[in-house]
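Asker: Let me begin by handing over the structure; questions about it come next.
The values are calculated or read from the model by the stated rules, or taken from the named source; none is laboratory data. Bear in mind that the values here come from a model prediction, so they are computed numbers and not experimental data. Cβ coordinates were reconstructed from backbone atoms using ideal geometry, including for glycine residues, and neighbour counts include every protein chain displayed.
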Amino acid sequence: MITEKIARQASEAIDSRLRAAKFIRTALNHVFPDHWSFMLGEIALYSFMILVVTGTYLALFFHASSAKVIYNGSYHALDGQKVSVAYRSVLNICFDVPAGLLVRQMHHWAALIFLWAILAHMARIFLTAAYRKPREMNWLIGLTLLVLALVNGFFGYSMLDDLLSGTGLRIGYAILISIPLVGPWLAFLFMGGTVPNPATLPRMFALHIFLVPGLITALLGLHLFMIWRQLHTNYPGPKRTNRTIVGSRLWPAYTGKSIGLLLLVFGVIAGLGAFFQIDPVWTYGPYDPASTMAGAQPDWYLGWVEGALRLFPGVNLRLGHWLIPEIFFPAVLMPSLLFLFLYSWPFTEKLFSKDTGDQNVLRLPYEQPFLTAGGAGLFIFLLVLLVSGGDDFLALAVGGSVVEIRTILRIVVLIAPPCAAVLTYFICVRVMRRKALRTRMTSPEASAEAAAPDEMALEPRPPVDVHELTPGGE
Ligand code: HEM
């Protein structure tokens, strides 16, 4: 009783100053859909939060300098070796800083899960056509978040100055200077010129911990604000129309679920960090421009670019005085075209679809066979490129030569995507026919409901889980 009285007095005192009660009441009544696929965006959000927290701890001990020192730390295998200050600080984090290795491994695993969650979330948005009006802007913001996450992952594992990251950095530099006209300027801006040079690591560090995370945080805020204003979409089903949203209210059901998910994401990342070794830089050794290591591979989210580099034939293009090197086509042109396609997709689709007005009810993947088939083709294309990024491992595993494997992969990358697209198209059409048949065979009431879900809006809405859309989403 006393605690209730104190709580009431405290909230009245706060409200008399901030006038926040109305806003909080509306916010707590906000409805979120219950479908599991809406959790993918949240997994991305929570892994980003873990990245920021673990990254802040690591930043206390990491020194982004390529000045040379003699290593004399706890990892005796490298005792007396000439290494950079940056590499030495990473070894110290791994072997001398309390919980340093755990936090470092959690940071790296969180980055992988962050990227995985973004891609899965984006695939859900694409395959259910959630990018349609009024959410086109959020599709564009989301894609920019993906680009920033990819770039920041590269900056992160490139600044440790171990043999693997130094090799990746040189590939990154080569890709950057292959861009006609502006390439060398960009390389100077982001890397301080030819790598390795003393400016590279400090610039990477500044980009990795300030600029890119700052941009991600700002865009993420905008992304979530827009979702809040526009409200979520809904999967088709009873009582779900363009003007209603069915699910759980923010308080208490959704809050409980979301906190549970946060703890789960944290638990998985902590478990991976504790038990599964990742990026063991002490085994690679310090970066030396004259050396490289066998089986050098980027993280998986950039493996498709590595694969494209390996598969693309060695053809340079000469345009008057200018030479466009072969590296430009697979590593700059192909990803740029891919992202151009993705950025323009909601607007391109509008040219062909009959959708007008706001689209708050999702389409199911099988209801749009062309789109789903295209998505499957694109997925297989990227998957073959990713596998090609490890063609040396594949050759070892199957006992063939790298040249043979690469030739086979060059054929597979051309044939597999259209085959996957055609197969997916026919599967979708078949599922659609089966569903239509089943709908016709069910009771007249059920088929009426399935055929005309909009009519459900005319029925009284249950007070707890159905929320009427209004401009501004309140
Ligand atoms: C840093 C990366 C990202 C985070 C943390 C994030 C987070 C979220 C969250 C929490 C939601 C609400 C739940 C859900 O619908 O899953 C959401 C919705 C949405 N996101 Fe993202 N997102 C990210 C990247 C992306 C990307 C790459 C795209 C697409 C290119 C995208 C497009 C959208 C759209 C259109 C919605 C509204 C979906 C709906 O209401 O059905 N987001 N995002």
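Asker: Looking only at segment 221-252, filter to residues that are within 11 Å of the ligand (Cβ to nearest atom), crowded, with 18+ Cβ neighbours inside 10 Å and of a type in the set (A, V, I, L, M); which one of those is farthest from Thr26 (Cα to Cα)?
Answerer: Only one residue fits best here, namely Ile245.
Asker: Name the residue, out of Pro180, Pro213, Pro196, that is over 18 Å from Ala296 (Cβ atoms) and either modelled with pLDDT under 95 or in contact with a strand residue (DSSP E or B) (Cβ under 8 Å, 6 or more places away or on another chain) (or both).
Answerer: Just one listed residue meets the conditions, Pro180.
Asker: Please give the helices (runs of 4 or more DSSP H) falling wholly within segment 72-186 in which 3 or more residues are among the hydrophobic types (A, V, I, L, M, F, W, C) and more than 24 Å from the chain's Cα centre (by Cα).
Answerer: Passing ranges, in order: 85-95, 163-177.
Asker: Across segment 23-68, which residue is nearest to the ligand (Cβ to nearest atom) among those that are more than 26 Å from His107 (Cα to Cα) and among the β-branched types (Val, Ile, Thr)?
Answerer: Looking at residues that are more than 26 Å from His107 (Cα to Cα) and among the β-branched types (Val, Ile, Thr), I get Val31.
Asker: Is it the case that some residue within segment 104-124 is of a type in the set (Lys, Arg), modelled with pLDDT of 95 or more, within 9 Å of the ligand (Cβ to nearest atom) and out of contact with any Gly (no Cβ under 7 Å at 6 or more places or on another chain)?
Answerer: Yes, that holds for at least one residue.
Asker: Looking at the structure I just gave you, is Gly214 exposed (fewer than 14 other Cβ atoms within 10 Å of the Cβ) and away from the ligand (no atom under 11 Å from the Cβ)?
Answerer: Judged against the criteria, Gly214 is a match.
Asker: Residue check, Tyr284 against (1) buried (at least 18 other Cβ atoms within 10 Å of the Cβ); (2) not assigned by TED's automatic domain parsing to the domain that holds Leu140, all met but one. Which one?
Answerer: That leaves (2) as the condition not met.
Asker: How about segment 25-48: which of its residues are in a helix (DSSP H, G or I), out of contact with any Ser or Thr (no Cβ under 9 Å at 6 or more places or on another chain) and exposed (fewer than 15 other Cβ atoms within 10 Å of the Cβ)?
Answerer: Arg25, Thr26, Ala27, Trp36 - these are the residues of segment 25-48 that are in a helix (DSSP H, G or I), out of contact with any Ser or Thr (no Cβ under 9 Å at 6 or more places or on another chain) and exposed (fewer than 15 other Cβ atoms within 10 Å of the Cβ).
Asker: Within segment 191-210, can one find any residue that is away from the ligand (no atom under 16 Å from the Cβ) and at positive phi?
Answerer: The answer is yes; a qualifying residue exists.
Asker: Report yes if Thr255 is in the same structural domain as Leu127 (by TED's automatic domain parsing), touching a residue at least 60 places away in the same chain (Cβ under 8 Å), more than 11 Å from the ligand (Cβ to nearest atom) and hydroxyl-bearing (Ser, Thr, Tyr), otherwise no.
Answerer: No, not satisfied.
Asker: Let me ask something else about it. Can we say Ile141 is free of Cβ contacts under 8 Å to residues at least 24 places away in the same chain, among the β-branched types (Val, Ile, Thr), closer than 30 Å to Arg243 by Cβ and near the ligand (Cβ under 9 Å from one of its atoms)?
Answerer: It is false that Ile141 is free of Cβ contacts under 8 Å to residues at least 24 places away in the same chain, among the β-branched types (Val, Ile, Thr), closer than 30 Å to Arg243 by Cβ and near the ligand (Cβ under 9 Å from one of its atoms).
Asker: Tell me whether segment 235-242 contains one or more residues that are assigned to a helix (DSSP H, G or I) and closer than 24 Å to Leu127 by Cα.
Answerer: Checked segment 235-242: no residue is assigned to a helix (DSSP H, G or I) and closer than 24 Å to Leu127 by Cα.
Asker: Could you tell me whether Val332 is under 18 Å from Ala123 (Cα atoms), of a type in the set (A, V, I, L, M) and in contact (Cβ under 8 Å) with a residue 24 or more places away in the chain?
Answerer: Against the criterion (under 18 Å from Ala123 (Cα atoms), of a type in the set (A, V, I, L, M) and in contact (Cβ under 8 Å) with a residue 24 or more places away in the chain), Val332 does not qualify.
Asker: Could I ask something else about it? Specify the residue that is nearest to Leu148 (Cα to Cα); the eligible residues are those in segment 314-346 that are part of a loop (DSSP other than H, G, I, E, B) and not acidic (Asp, Glu).
Answerer: Among residues in segment 314-346 that are part of a loop (DSSP other than H, G, I, E, B) and not acidic (Asp, Glu), the one nearest to Leu148 (Cα to Cα) is Ile327.
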